[in-house]
Amino acid sequence: MGLRRKNKRLVVLSHEFVIQNHADTASCLVMSFLLGLMFEVSAKYAIIFIAVQYNVTYTTGDNGEQFHFYDYGPKDIATVFFYMLVAINLHAVIQEYVLDKINRRLHLSKTKHSKFNESGQLAFFYLFSFIWGASILNAEEFVMNPISLWKDYPHSRIFQVKFFYICQIAYWLHALPELYFQKIRKEDIPRQLCYICLYIAHISGAYILNLQHLGLILMVPHYLVELIFHASRLFYFSDENKQKGFTIWALLFVMVRLLTLTLSVLTFGFGLARVENPDFSIADGNFNVLPVRIGCLGAVCLTQAWMMWKFINFQLKKWREHVKNQIPKKKITNTKNKRTKKDLNRGQTS
């Protein structure tokens, strides 16, 4: 055992060293930012990474009541970086203390092991994001008031909405280096890279273009559907007979795609078009012009069409596999029936 340990000593900054110690490195960086708050010299710099920036206070003239809203700017990059480090730490904690322990009991193959880890991580994230997003929708009553999708555009961000988007962008950005840290198989990288980039593009687009109300309403049901899928896949790996969750996922998947297209057409085609402000202004956050609306609607429609195409192919593949599995079973039953008939005929003749 001593010789093996000597052979397994890792060279500092080698690939294996970085992979095995990336969570410790991220936690040290997080602690350094938190310790920076304790000293007056470094606090003004550390606060940029930890706290939500660009607070804007409005005071009403009637009773002097103050409302706190948040704009966005370059300092948000520092905040996203900090919470990306936090996401790396949480990823490592879930992997080590939850998923790895379950994997040891299930004794999965390498392929199923990789998919189990992917679904486990995403299930935790989708569950947390769905609960958080649903609580914001309930508190702000966005669902009960569909006009809020385009009324008073550009929308002023409250703290919860901005922090939610910061955490969402940070999580999906952290997923990019995790492809390297988790040693994802080469054949799985293009698929995961594709949906990670789509999440980053759509969430960042909604954040920058001041479409946070629409983005939040579309994200919550989408995350619910993805939660059901990955939870069903986890149950399937533990017991292959548990497949009812996939049926529920398939029904909700189609419904959410229709809901996404309906709300997008309603917002970009009708709502924002009626309150169109021709003064395109990046400083004021006003992007409500025809080219931007067409681009956003086109991006949403293309993404939903691509997802439906992947979904149909997935269902056809499962159906073909089911048919292939049924053919040998029918042959076996037919041969058994023939044998029993022959035995009956012999018994009658005797």
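Read the figures in this text as sums done on the coordinates, not as results from a lab. What you see is a predicted model, and the numbers here were worked out from it, not measured in a lab. Here the Cβ positions follow ideal geometry from the backbone for every residue, glycine too, while neighbour counts run over all protein chains shown.
What net charge is computed for the residues neighbouring ALA231, neighbours being all others with C-beta under 12 Å from the C-beta of ALA231, Lys and Arg scored +1, Asp and Glu -1? List each step's numbers first, then the result.
Working: positive: ARG233, LYS242, LYS244; negative: GLU226.
Net local charge, ALA231 excluded: +2.
Between helix 244-264 and the chain there is an angle of about 30 degrees, using the helix long axis and the longest principal axis of the Cα atoms.
In this simple spin-label approximation, LEU198 and LEU35 carry label points 7 Å from Cα along the Cα→Cβ vector, and these lie 4.3 nm apart. Could you tell me which residue out of GLY36, ALA26, GLY269 lies farthest along the dipole of the chain toward its positive end? Charges go on the beta carbon: Lys and Arg +1, Asp and Glu -1, centred on the Cα centre. My answer, from the dipole projection, is ALA26. In a reduced charge model with +1 at each Lys and Arg Cβ and -1 at each Asp and Glu Cβ, the range 83-297 shows a dipole moment near 760 debye about its Cα centre. Residues whose amide H lies under 5 Å from that of ASN286, counting only those 5 or more places away or on a different chain, are SER281; hydrogens are built 1.01 Å from N in the peptide plane. If the chain linking ILE48 and ILE136 were pulled fully straight, counting 0.36 nm for each residue of separation and taking away their Cα-Cα distance, it would gain 29.2 nm. Per residue, the average separation of C-alpha pairs within less than 8 Å and at least 6 apart gives the chain a relative contact order of 16 percent.
Considering only PHE82, ILE94, ILE169, and ranking their Cα positions along the charge dipole of the chain that arises from unit charges at the beta-carbon of Lys, Arg, Asp and Glu, the one farthest toward the positive end is ILE94. Under a 5 Å amide H cut-off, with hydrogens placed 1.01 Å from N, ARG157 pairs with TYR70 among residues at least 5 apart or on other chains. Using Cβ point charges alone (K and R +1, D and E -1), the dipole size of the range 30-180 about the Cα centre works out to roughly 800 debye. The protection proxy used here, the mean number of other Cβ atoms lying within 10 Å of each residue, ranks peptides 162-168, 100-106, 147-153, 266-272 as follows, highest first: 162-168, 266-272, 147-153, 100-106.
A value for P(r) over Cα pairs in 10 Å bins from 0, in percent was derived from the coordinates, and within the list (1) 5, 22, 34, 27, 10, 2, 0; (2) 5, 19, 23, 22, 17, 9, 3, 1, 0; (3) 4, 18, 27, 22, 14, 7, 4, 2, 1, 0, 0 it appears as (3).
Tilt of helix 290-349 relative to the longest C-alpha principal axis of the chain, in degrees (0 to 90, nearest 10)? With both axes taken from Cα atoms, the answer is about 10 degrees. Per-peptide packing, taken as the mean over residues of other Cβ atoms within 10 Å, places 86-96, 43-53, 279-289, 210-220 in the sequence 210-220, 86-96, 43-53, 279-289 from highest down.
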